[in-house]
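Novice: First the structure, which I've put down as C-alpha cells, then a few questions once you've had a look.
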Amino acid sequence: MQAGAYTEAAALRSARQKVEALGLKTYTQEVASAEGKRTRVRVGPFASRDEAEAAAKRIQRAGLQANVLAI
C-alpha cells in the first residue's frame with residue numbers, strides 16, 4: 001500500500017509518523033518522476049487484500065491518502 005509520495009522531508013516525516021501512530025509499519029521508496037525525485041511512503045506487508053483495505057480506511061480517516069496496490 002502507498003500512503004503518499006513526497007518531495008519535502010518534513011511532509012514525508014509527518015506522514016510516516018501519522019501512519020506509524022496507527023500501529024502500522026512503514027518504509028520508503030525513492031522514485032524519479034517528471035517533477036523530480038519523490039519519496040513514497042509504503043505500508044505493510046499485509047496478509048491479505050482485505051487487511052490492506054482495512055488499513056487504508058484507517059489511514060484515510062487520519063487525513064492521508066492511501067492506495068492499495070496489486071502485487
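Novice: Could you figure out which of (1) in contact (Cβ under 8 Å) with a residue 40 or more places away in the chain; (2) buried (at least 17 other Cβ atoms within 10 Å of the Cβ) isn't true of residue 69?
Specialist: Evaluating residue 69 over (1) in contact (Cβ under 8 Å) with a residue 40 or more places away in the chain; (2) buried (at least 17 other Cβ atoms within 10 Å of the Cβ) leaves (2) as the failure.
Novice: Ok, one more. How many residues are among the charged types (D, E, K, R) and surrounded by 15 or more Cβ atoms within 10 Å (Cβ to Cβ) if we restrict to the range 33-57? Let's see the steps before the verdict.
Specialist: First pass over the range 33-57, keeping only residues among the charged types (D, E, K, R): 35, 37-38, 40, 42, 49-51, 53, 57.
When the remaining residues are screened for being surrounded by 15 or more Cβ atoms within 10 Å (Cβ to Cβ), the result is 38, 40, 42.
Qualifying residue count for the region: 3.
Read the figures in this text as sums done on the coordinates, not as results from a lab. All figures in this text were calculated on a predicted structure; none of them were measured in a lab. Here Cβ is always computed from backbone atoms with ideal geometry, including for glycine, and neighbour counts include all displayed protein chains.
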